[in-house]
């Protein structure tokens, strides 16, 4: 029996959140979705998924084994396909106050410029899911790159919502007089679905005849529309497809694929793993696949699921414990209620996963990643894709830079004034301390360099560093 008193109590506790969200002009679906997750929090839901409640996934279909004839089917589906790029993140960890996607990454082109050129080459519309923080700068950069037909047919972007932070002590809306804007947070990229609805874009896409959406992160230049995978989605009438890749030691902390006992696939993020199960979570032999955050959606199936759920997807809750000012550990302890867009694999019946090559997952999360992509280890192709150089025959490149000297973009550029060294024959480059590189430096194999505290070490022009 439903506990009506509990529902009323929860509704009363949620009222100040609803008022705050309405005052910010947030749409009804954003408020209802947050109310759903707040009610779970009040009821004691932690969002955690114990190891005993899941089954490891032993195997999934492999993209390399798909029928090559699917590519032609995918090409016929391209006119009914859109690309959605998650573009809500600022490059704050790299010292930026603008969207990370505006960083120059290859041949003086930014992420957004490369993405726009790739989409134009494939004649698929590009939609950005921006945050309030990234919208203005990103639109100023992207709108001139869109073709007239794209601009006339669809808007260039839609906005991710924001939600209040929740005070841990009493589950009330967080307050912070010094900086009131810090009392808000993004609700995770699971907000994609609600934002497509509130913007009217889902309806608009369906009315215009679009059937498929390929969704990925803006900082992952390996994520481009693959016609064979699109054909696989179309032929299989798959409502939701997650691209997964083999986990390595570097992926132990990332979300992994699993199953419920009834066979339904699910995604478990690290924040959803109980402490006692951390070893099992990190076991890459047991949990073999991680979510690349490259997703394929059949838009009509998404609409059906939204209609069945009263207008929103009941995605699994992720409760993140933070402080209201993330840079001040003494500030008010809060919860941030979030969801992951990949978690829809557990909500949409018939969802599937597909193993893809690691090349489709090349995110830039640090200046080390950026240095690697800027180097000759990666190539910008004529069709505007960033790929591993075909002459490179080594394992995935690892570049680890001392954050005290390389974390910000200006620090990186200062220490590599002539551009990155040649890394095409490099396995791993690790730099500790203040090291500055001259022109035409070549790194071969595994190289680890350090500079003593207070010392600036210089690598001269034309130097080859090998196995150091």
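No lab work stands behind these numbers, since they all come straight from the coordinates. A quick note: this is a predicted structure, and the numbers were derived from the prediction, not measured. As a convention, Cβ positions derive from the backbone with ideal geometry for all residues, glycine included, and neighbour counts pool all protein chains shown.
In terms of overall dimensions, segment 318-468 has a Cα radius of gyration and Dmax of 19.9, 59 angstrom. Ordered by the count of other Cβ atoms within 10 Å of each Cβ, fewest first, 278, 322 give 278, 322.
Residues 227, 243 in ascending order of nearby Cβ atoms (within 10 Å, fewest first): 227, 243. Pair-distance distribution P(r) for the chain, from all Cα-Cα distances in 10 Å bins starting at 0: 4, 18, 28, 28, 16, 5, 1, 0 percent. Label separation (residue 414 vs residue 382): 4.2 nm, computed from points 7 Å beyond Cα along the C-beta direction. How far is the Cα center of segment 214-268 from the Cα center of segment 418-438, in Å? First find each Cα centre; the distance between them is then 32 Å. Of all DSSP bridge pairs formed entirely within segment 78-195, close to 45 percent run antiparallel. Note on residue 22 and residue 358: the model spin-label points, each 7 Å out from Cα along the C-beta direction, lie 5.3 nm apart.
In this simple spin-label model, placing a label point 7 Å from the Cα along the Cα-to-Cβ direction at both residue 96 and residue 328 gives a separation of 2.8 nm. For segment 293-324 versus segment 94-145, the spacing of their alpha-carbon centroids is 25 Å. When DSSP beta bridges are restricted to pairs lying wholly in segment 367-466, around 15% turn out antiparallel.
Round to the nearest 10 and give me the degree value, 0 to 90, for the angle of helix 227-236's Cα axis relative to the longest principal axis of the chain. Tilt of helix 227-236: around 30 degrees. Stretching the chain fully between residue 464 and residue 452 yields a gain of 2.2 nm (0.36 nm per residue, less the alpha carbon separation). Would you mind checking the tilt of helix 4-23 against the longest principal axis of the Cα atoms of the chain, expressed as 0 to 90 degrees and rounded to 10? Helix 4-23 sits at roughly 50 degrees to that axis. What is the helix-to-structure angle for 111-122, meaning the angle in degrees between its Cα long axis and the longest Cα principal axis of the chain, kept from 0 to 90 and rounded to the nearest 10? Rounded to the nearest ten degrees, it is 80.
Listed by Cβ neighbour count within 10 Å, with the fewest neighbours leading, 426, 185 appear as 185, 426.
Entry note, the chain: relative contact order of 18 percent, from Cα contacts under 8 Å with a spacing of 6+ residues.
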